[in-house]
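The values are calculated or read from the model by the stated rules, or taken from the named source; none is laboratory data. Keep in mind the model is a prediction, meaning the values are calculated, not measured. Don't worry about glycine lacking a Cβ; one is built from the backbone with ideal geometry, like all the others, and counts go over all protein chains shown. Just so you know, the surface numbers come from the protein's heavy atoms only, side chains and all, with ligands and any DNA or RNA stripped out. Shrake-Rupley method; radii C 1.70, N 1.55, O 1.52, S 1.80 Å.
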Amino acid sequence: MAAAAAGPKTMRAVQYDRYGGGAEGLKHVEVPVPAPKDGEVLIKMEAAGINPIDWKVQKGMLRPFLPKKFPFVPVGDLSGEVVELGGGVSSFKPGDKVIAMSFPNCGGLAEYAVAPASLTVARPPEVSAAEGASLPAAAGTALQQLKTAGVRFDGSAAGPKNMLVTAASGGVGHYAVQLAKLAGMHVTATCGARNLGFVRGLGADEVLDYKTPEGAALRSPSGKKYDAVAHCAPTAPWSVFKSALADTGGVVVDVTPGVAATVTSFLHKVTFSKKKLVPLILMPKKEEMEWLVDMAKQGKLKTTIDSKYPLSRAQEAWAKSMEGHATGKIIIEIAGTE
């Protein structure tokens, strides 16, 4: 049994108490500091990273399963300092700087949050709190997306050679471009016109404005067909992907699958199609989080932060994420000033 911490009993937090409502549905409250259960750590929060899943849950995308109960403190990407250990946790000590993922329980929009020790990793000094809070969901999704497409990070020549990344200036996409280049791939990327230079700077070999006819058709400027597509944009018709994939076959890994994509994926599986669509739901893994942090520490994986907000302006950050045009990540700095 962990000893009780001598810290404050209550904390500032932002929560919502029903489905819907968007940014206006978020309320500033004073609530008790949570206690870590067995296998958990209590983190004094420094930064939290907002992801689209956060406001999609609020909209009711996963009702009636999530949130498990109201009121609910959202956001699962956490960065801060361990202040208390739950029972059975020996891998950390108070004072350790960490990055954690707490989903579906979340709790990140608060001064303190609990996270499972199994999804908590050390944060080295080379990685800032804001960078750390950016990594778990977005970089974790990008990594699993590429692995699902057969991309290898062991220096081998196996796996796909030509990759397309859609919505390449967003949270997941800007990591997917960098990871694909780390694996030695030729990368074509789509984004909005204002971000063409930014995405080239991430290492993309070819960049398409998604609003042009070529961009809408996902046509590579050099005429290349793709072995793999990391699809990070809203749903697109399968016919567009089918004509963009290599004749020998290829895979589209979709992180925003709708009902149609799920049905298409099933049909591809049962017909053993050479060209196939695979929906991806992130299954976070501690060893992948550690690898991503190490890449960030070495400067091989860079985080672009669109904007930072203090907890008092969480509604603005939420609204900005819902607009869907952030370049990189949106961060709440818990101790941030106005």
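Quick look at the values:
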| quantity | calculated |
| --- | --- |
| Cα long-axis angle, helix 259-270 against the chain (0 to 90 degrees, to the nearest 10) | 60 |
| THR271 paired with GLN298, simple spin-label distance in nm, labels 7 Å along Cα-to-beta-carbon | 4.2 |
| Under the Karplus curve 6.51 cos²θ - 1.76 cosθ + 1.60, θ = phi - 60°, whole-Hz ³J(HN,Hα) for region 72-80, x wherever Gly or Pro sits | 10, 9, x, 5, x, 9, 10, 9, x |
| Gain in span if fully extended, LEU62 to GLU316, counting 0.36 nm per residue against the direct Cα distance | 89.1 nm |
| Cross-link partners of LYS69 among lysines (Cα-Cα below 20 Å; sequence separation of 8 or more within a chain) | LYS27, LYS37, LYS56, LYS59 |
| Positive dipole terminus of the chain, leading residue within GLY197, ALA217, GLY39 (C-beta point charges) | ALA217 |
| Estimated distance in nm for a label pair at VAL240 and ALA335, the labels positioned 7 Å out from Cα along Cα-to-Cβ | 4.4 |
| Set of lysines with alpha-carbon distance to LYS97 below 18 Å, sequence-local pairs under 8 removed | LYS44, LYS286, LYS297 |
| FRET efficiency for ARG152 and ILE281, using Cβ-Cβ distance with R0 set to 22 Å, rounded to 0.05 | 0.50 |
| Neighbour net charge for PRO125 - beta-carbon separation under 10 angstrom, K R +1, D E -1 | +2 |
| ILE330, ILE53, ranked by accessible area, largest first (probe 1.4 Å) | ILE53, ILE330 |
| Local electrostatic count at VAL278 - Lys and Arg +1, Asp and Glu -1, tallied over other residues with Cβ under 15 Å | +4 |
| Calculated FRET efficiency for the pair ALA193/HIS28, C-beta based, R₀ 30 Å, to 0.05 | 0.20 |
| Reachable aspartates and glutamates from LYS269, criterion Cα separation under 20 angstrom, eight or more residues apart if same chain | ASP227, ASP247, ASP254 |
| Heavy-atom SASA rank of ILE99, ILE281 (probe 1.4 Å, accessible area, largest first) | ILE281, ILE99 |
| Sites matching trypsin sites (Lys or Arg not before Pro) across region 163-263 that sit in DSSP coil, with at most 13 neighbouring C-beta atoms within 10 Å | LYS211 |
| Packing-based order for 286-293, 165-172, using average beta carbon neighbours within 10 Å, highest first | 165-172, 286-293 |
| Heavy-atom accessible area ranking, 1.4 Å probe, most first, across PHE266, PHE70 | PHE266, PHE70 |
| Using alpha-carbon coordinates, inclination of helix 314-323 to the longest axis of the chain, degrees | 10 |
| Distance in nm between pseudo-label sites at GLU290 and ARG18 (7 Å out along the Cβ direction from Cα) | 4.6 |
| Positive minus negative residues near SER102 (Lys, Arg vs Asp, Glu; Cβ under 10 Å) | -2 |
| Modelled FRET efficiency - R0 41 Å, ALA216 with LYS37, Cβ distances, 0.05 increments | 0.25 |
| Within the chain, helix-based [θ] at 222 nm, where runs of 4 or more DSSP H residues each add -39,500 (n - 2.57), nearest 500 | -7000 deg cm²/dmol |
